[in-house]
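**Q** What follows is a single structure, and I will ask about it in a moment.
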Amino acid sequence: MSVSIEVNGTKHDIDGDPSMPLLYALRDQIGLRGAKFGCGLGQCGACTVIVDGRAVYSCLMPISALAGRAVTTTEGLLEDGKPGKLHQAFIDEQAAQCGYCISGMVMRAQHLLERNADPSDDEILTGMQTNLCRCGTHAAIIRAVKRAART
């Protein structure tokens, strides 16, 4: 079965089981490596992408649920192939240690900033709480979200 999905403004025909998680389609068929497989249970957030303006765990989202919906990955936030303002804020604040969670963190932050352009510290903590960083760079991640909000 083939499912047509739109990722970062480009349509892709994905061949496979309709229950295939979006994460597998992104990484294995489309070649986008930003979203990561972390827990596979929707508990860590390393696979976070935005679907129709909503942050979702791509490890849990079947491709059959995506017909006619727009998917944005961290690659979709690039500006002329270079880091976008949110990516740059994470770089400037040295928010990545091992980096495994960062694409999910960036997408969760994008989702937050699309809803609230100037979040308070508490709003950032609440907005980012579903994503985990085992390296413990949460303070730098919060600074990065605040920096991105100011730019």
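The values are calculated or read from the model by the stated rules, or taken from the named source; none is laboratory data. Everything numeric in this text was worked out from a predicted model, so none of it was measured. Here the Cβ is made from the backbone with ideal geometry for all residues, glycine too, and neighbour counts use every protein chain on show. Just the protein is used for accessible areas: all its heavy atoms, side chains included, with ligands, DNA and RNA removed. Shrake-Rupley method; radii C 1.70, N 1.55, O 1.52, S 1.80 Å.
**Q** Do we find a residue being touching a Ser or Thr at 6+ places or on another chain (Cβ under 9 Å), at pLDDT below 95 and of a type in the set (A, V, I, L, M) anywhere in the range 71-92?
**A** Within the range 71-92, not a single residue is touching a Ser or Thr at 6+ places or on another chain (Cβ under 9 Å), at pLDDT below 95 and of a type in the set (A, V, I, L, M).
**Q** Shifting gears a bit: Filter the range 36-51 down to the residues that are assigned to a loop (DSSP other than H, G, I, E, B) and touching a helix residue (DSSP H, G or I) at 6+ places or on another chain (Cβ under 9 Å), then identify the one that is nearest to Glu6 (Cα to Cα).
**A** First, pick out the residues of the range 36-51 that are assigned to a loop (DSSP other than H, G, I, E, B): 36-47.
If we keep only those that are touching a helix residue (DSSP H, G or I) at 6+ places or on another chain (Cβ under 9 Å) too, we end up with 36-38, 40, 44-47.
Numbers: Lys36: 19, Phe37: 21, Gly38: 23, Gly40: 22, Cys44: 25, Gly45: 21, Ala46: 21, Cys47: 17 Å.
Per the stated criteria, the residue is Cys47.
**Q** Looking at this structure, is Arg33 part of a loop (DSSP other than H, G, I, E, B), open to solvent by 50 Å² or more (accessible area, probe 1.4 Å) and either free of Cβ contacts under 8 Å to residues at least 60 places away in the same chain or closer than 15 Å to Met107 by Cβ (or both)? Steps first, please.
**A** Details: part of a loop (DSSP other than H, G, I, E, B): yes; open to solvent by 50 Å² or more (accessible area, probe 1.4 Å): yes; either free of Cβ contacts under 8 Å to residues at least 60 places away in the same chain or closer than 15 Å to Met107 by Cβ (or both): yes.
It is true that Arg33 is part of a loop (DSSP other than H, G, I, E, B), open to solvent by 50 Å² or more (accessible area, probe 1.4 Å) and either free of Cβ contacts under 8 Å to residues at least 60 places away in the same chain or closer than 15 Å to Met107 by Cβ (or both).
**Q** Still on this structure, I have one more. Quick one: how many residues across the range 48-62 are in contact (Cβ under 8 Å) with a residue 60 or more places away in the chain and of a type outside the set (A, V, I, L, M, F, W, C)?
**A** 2
**Q** Against the condition hydrophobic (A, V, I, L, M, F, W, C), open to solvent by 50 Å² or more (accessible area, probe 1.4 Å) and assigned to a helix (DSSP H, G or I), how does Leu125 come out, does it pass?
**A** Working: hydrophobic (A, V, I, L, M, F, W, C): yes; open to solvent by 50 Å² or more (accessible area, probe 1.4 Å): yes; assigned to a helix (DSSP H, G or I): yes.
The answer is yes for Leu125.
**Q** Then there's this: Can you tell me which of (1) more than 17 Å from Met128 (Cβ to Cβ); (2) in contact with a strand residue (DSSP E or B) (Cβ under 6 Å, 6 or more places away or on another chain) is the one Tyr24 doesn't meet?
**A** Tallying (1) more than 17 Å from Met128 (Cβ to Cβ); (2) in contact with a strand residue (DSSP E or B) (Cβ under 6 Å, 6 or more places away or on another chain), Tyr24 fails exactly one: (2).
**Q** Can you tell me how many residues within the range 128-151 are crowded, with 17+ Cβ neighbours inside 10 Å and among the hydroxyl-bearing types (Ser, Thr, Tyr)?
**A** Within the range 128-151, residues that are crowded, with 17+ Cβ neighbours inside 10 Å and among the hydroxyl-bearing types (Ser, Thr, Tyr) number 1.
**Q** As an exercise: evaluate Leu78 against (1) more than 16 Å from Thr48 (Cβ to Cβ); (2) under 13 Å from the mean Cα position of the chain (by Cα); (3) crowded, with 20+ Cβ neighbours inside 10 Å and give the number of the one condition it does not meet.
**A** Tallying (1) more than 16 Å from Thr48 (Cβ to Cβ); (2) under 13 Å from the mean Cα position of the chain (by Cα); (3) crowded, with 20+ Cβ neighbours inside 10 Å, Leu78 fails exactly one: (3).
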